[in-house]
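Chemist: Have a look at this one before I ask anything.
The values are calculated or read from the model by the stated rules, or taken from the named source; none is laboratory data. Keep in mind it's a predicted model, so treat the numbers as computed, not measured. Glycine gets a Cβ as well: all are built from the backbone with ideal geometry, and neighbour counts include every protein chain shown. Protein only, heavy atoms only, side chains kept; ligands, DNA and RNA dropped before computing areas. Shrake-Rupley method; radii C 1.70, N 1.55, O 1.52, S 1.80 Å.
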Amino acid sequence: LSAASQFNQLLTHLQSQEEMMIQQLPQLDEVLPALRPMEHSLGMVFILKAKAAAVPLSNLQAVHTFLQQCRRLLLEGDPVQVQMVPSHFATVCAKFANAAVAIAAPAAALRPLQHAAQVLQPSPAHFTPVHTEVLRVALLARHYPAAARLLDASDLLEVAKEKTGVAPRDLLLYHYYAG
């Protein structure tokens, strides 16, 4: 079997097991350290999406654990696998950004989110929901050069919902943050 067909089979299986993942969240914390982002990005996205819905931002220990788990995926994830589930990946990135902001550490989320935006892009011209999160976190971290670099990237001209999971809200927020 080709890698693409294996990924498609895995995707189908993971989609059918989403409810079970939510029920087994404590056990999934033990599984995540054993997964390698470059090889297991698809599985990690599904696990972290399930966790994203359950992690209370008021629980500092849970937030720190979630941030560490996400950081690995965002910095080392496989673009091919991530682009198979753009909406799920964008959900994980949004929760990652919110968690970093909740513990008053938006600067710690900046580099992982910048990399995640590149990983989710089918081409350098594609705008993704993660670009909105990068801009928001850069502004909250008062890291204006990172925000300026993103805004100066005039090549973000493609908007493809099916490829990136982008919604009208993402574009509106991006332009709102841009001023």
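Chemist: Can you grab the distance from the C-alpha centre of segment 1-60 to the C-alpha centre of segment 140-179, Å, no decimals?
Modeler: A separation of 27 Å, based on Cα centres.
Chemist: Going Cα to Cα from LYS51, which lysines come in below 18 Å? Please leave out same-chain ones fewer than 8 positions away.
Modeler: Answer for LYS51, where 18 Å is the Cα cut-off: LYS95, listed by chain and number.
Chemist: Which value, in Å², gives the accessible area per residue of the chain when a 1.4 Å probe is used on the protein heavy atoms?
Modeler: Ligands and nucleic acids excluded, the result is 52 Å² per residue.
Chemist: Now, a different point. Percent of accessible area on segment 87-179 owned by carbon and sulfur, 1.4 Å probe?
Modeler: Here carbon and sulfur together make up 57 percent of the probe-accessible area.
Chemist: Taking a virtual spin label 7 Å from the Cα of ALA178 along the C-beta vector, which residues in segment 126-147 bring their backbone nitrogen under 19 Å of it?
Modeler: Counting only backbone N, you get 126-140, 143-147.
Chemist: So for the chain, taking the charge dipole from beta-carbon charges (+1 Lys/Arg, -1 Asp/Glu), which of LEU11, ALA178, ALA117 sits furthest toward the positive end?
Modeler: Going by the charge dipole, the pick is ALA178.
Chemist: At a probe radius of 1.4 Å, what is the per-residue accessible area of HIS13, in Å² to the nearest 10?
Modeler: Counting only protein heavy atoms, HIS13 exposes about 100 Å² to solvent.
Chemist: Diagonalise the Cα gyration tensor of the chain and give the resulting equivalent ellipsoid semi-axes, square root of 5 times each eigenvalue, largest first, whole Å.
Modeler: Square roots of five times the eigenvalues give 26, 21, 13 Å.
Chemist: Straight-line reach only, C-alpha to C-alpha below 18 angstrom: list the aspartates and glutamates that LYS49 could link to, leaving out same-chain residues fewer than 8 apart.
Modeler: GLU18, GLU19, ASP29, GLU30, GLU39, GLU76, ASP78, GLU133
Chemist: Would you rank GLU133, GLU18, GLU76, GLU30 by solvent-accessible area, highest first, keeping every protein chain in place and using a 1.4 Å probe?
Modeler: In descending accessible area the options line up as GLU30, GLU76, GLU18, GLU133.
Chemist: Just want the answer: with Cβ charges of +1 for Lys and Arg and -1 for Asp and Glu, which residue in CYS70, VAL159, PRO86 is farthest toward the dipole's positive end in segment 1-159?
Modeler: Looking along the dipole axis, the top candidate is CYS70.
Chemist: Would you mind calculating the gained length between TYR144 and LEU57 on full extension (0.36 nm times residue separation, minus the Cα-Cα distance), in nm to one decimal?
Modeler: 28.7 nm
Chemist: To the nearest 20 debye, what is the magnitude of the charge dipole of segment 51-179 about its Cα centre, counting +1 on the Cβ of each Lys and Arg and -1 on the Cβ of each Asp and Glu?
Modeler: 360
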